[in-house]
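No value in this document is a laboratory result; all are computed from the given coordinates. Remember, predicted model here, so these are calculated numbers, not experimental data. So basically every Cβ, Gly included, is an ideal-geometry build from the backbone, and we count neighbours across all protein chains shown.
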Amino acid sequence: MPLPSTVDCSAVGDGSAAIRELVATFVAREVTPVAAALDAEPEFPADLYRSMAALNLFGITVPERYGGAGARALDYLHVMEGLSFGYASVADQCGLVELVSCLLAGYGTDAQRDRYLTPLLAARRLCAYALTEPQAGSDLRGIASRADRVDGGWRLSGEKVFIHNAPVADFAVVLARTGERDLSVFLVDLDRPGVSRTYKERKMGQRASQVGGLRFDAVALPDDALLGEAGAGLRYMTGVLAKGRLGIAGLSLGISRAALTAATAQAEVRVTFGRPIGANQAVAFPLADAYTGYRAGLLLAEDAARLLDAGAPQAGTACAMAKLFASEGAVRHASTAVQVFGGAGYIEGCVAERLYRDARITTLYEGTSEIQRLIIARSIVDSRRAGPARSGGAA
C-alpha cells in the first residue's frame, strides 16, 4: 500500500479514516522498526520528525492558513493514539508541537508566526514548553521566574525543570511572572546570552523524549518576545491544557493497544500444559477486561474530543476524565502484558517491559491523576450548585 502524501482533511469523515490510515502506514514503516533501538540508546530522532512534518503530522488542529493540517481535536486524538501505538516518544513530540503551535497560531503576530510557527511545523526549528519550576508544577500560580520591563524590552530570570526538548530545542515558550499576580508568555531563542541548558535527565521510559532544565540569567528579550497580551499567560496556558490532556489520553490509549496486541500474540503462541496459554481463563479473562477498558477509554476520549471541537463548556472536564481513565488504564494494561509474557516480560528488550516503563509517566504529566480528579470533582460540585439547569454538565 503506498504511503499517502500528506494529511488531507477534505477526505476525512467522522471516523478520521484517512488520517488514521496515514498514521498507521507511517508507523508500520518508520516508527515500529526503530522503537526498540530508540529506547535502548536514547537519541533524538530528528530525521523521523522531518518525515512527520513532510506528511503534515505537526500542527494537526492549526489552521491551514498558518501551515497546519486544519483538522479537528478528534483527528488529533487519533493521530496521538496511532503514533503512540508505534512508540510513545514519537507521539509525545507531536503533542508538544501541537500545544506550542496552537499558542503561536492563536496569539502570535504575523512576524512571530513567520519566525517560529512556520519552521516549527516543518521541523526546521525545535520547541520547548517551559512551564514547570522546582516549586511550581501543577499549580502554575506558583511560578517564580520573572520578566521585568526594561528599556527596549524585557529581562528574564528564573529556572525551569523537567522541560520536554530542553536539551535540543531552538526556542522555548516560557511562562514568567510580569507582576505580583500577572503571568505572561515569552518566546525565547535558546542561543541568547544568559540562557543555559542545565542538565539532561535519564528517564525510566519514553527515553527518546529529551527532558532537561533551563536557566535564564538576566536574559535580554526584545519587546516582540512577548506572545499575545501581557498578563494573559495563565489564560493562554489553561486554554490549551484541555487539548494537552486529550493528547495524553490518546498517547495512553496507543500504549494500551500496543500492550494488548503484544500480549494477545504471546497468548496465542506460548504453550503450557499442551495448549496455548490464551485458552486458560486465568489469562483470557484479564485480556478481556483490558480490551474492554481500552475500548471504553477510546470512546470516552472521542466524546471529549467532540466536545472540544464544539467548544462545549464541559469539554475541559471531559478531557480530564479521558486523560485520567486512559492513563491509569495504560499502566494496568501494560502490567497485564508483562504478566502474560511471564518472566520474559521483565527482561529488557521485551516489548512488554518497554511499554510498562513508557506507560508510567502518563499518570503524571499534563496534570497528575490527582489533579484530574480534583478538576472533575470541582466540576461536579459546581454543577450541583448551579441547579437543575446545569445538571449533568460535568460529564
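Worth pointing out:
- A simple rule links phi to the HN-Hα coupling: the Karplus curve 6.51 cos²θ - 1.76 cosθ + 1.60 with θ = phi - 60°, which for the stretch 194-209 gives x, 8, 9, 8, 7, 6, 10, 7, 9, 10, 5, x, 6, 6, 7, 7 Hz, with x for Gly and Pro.
- Counted without the sites themselves, the longest stretch of the chain free of trypsin sites (Lys or Arg not before Pro) in a DSSP loop having at most 15 other beta carbon atoms within 10 Å is 271-395.
- Fewest-first sequence of I371, I347, I248, I143 by Cβ atoms within 10 Å of each Cβ: I347, I371, I143, I248
- For the stretch 80-160: relative contact order, % (alpha-carbon pairs under 8 angstrom, 6 or more apart): 17 percent
- Taking the square roots of 5 times each eigenvalue of the Cα gyration tensor of the stretch 9-125, largest first, gives ellipsoid semi-axes of 23, 18, 10 Å.
- Derived scalar couplings ³J(HN,Hα) [the stretch 28-38; Karplus, 6.51 cos²θ - 1.76 cosθ + 1.60; whole Hz; x for Gly, Pro]: 4, 8, 10, 9, 3, x, 10, 4, 4, 5, 5
- Stretching R332 away from D110 to a fully extended chain increases their span by 75.4 nm, per 0.36 nm per residue minus the current alpha-carbon distance.
- For the stretch 212-322, relative contact order (Cα pairs under 8 Å, six or more residues apart, normalised by length) works out to 30 percent.
- With θ taken as phi - 60° and the Karplus curve 6.51 cos²θ - 1.76 cosθ + 1.60 applied, the whole-hertz 3J(HN,Hα) list for the stretch 126-137 is 10, 10, 10, 10, 9, 10, 5, 10, x, 10, 8, x Hz, x standing for glycine and proline.
- Residues with amide H under 5 Å from that of G59, placed H, sequence gap 5 or more: E98
- The stretch 261-395 - percent relative contact order, Cα under 8 Å, separation 6 or more: 23 percent
- Span from the the stretch 314-383 Cα centroid across to the the stretch 231-269 one, whole angstrom: 8 Å
- Counting every other Cβ atom within 10 Å of each residue's Cβ, D75, D47, D182 order from fewest to most as D47, D182, D75.
- Taking N56, N165, N280 in turn, the Gaussian network model of the chain (Cα-Cα springs below 10 Å) assigns the largest fluctuation to N280.
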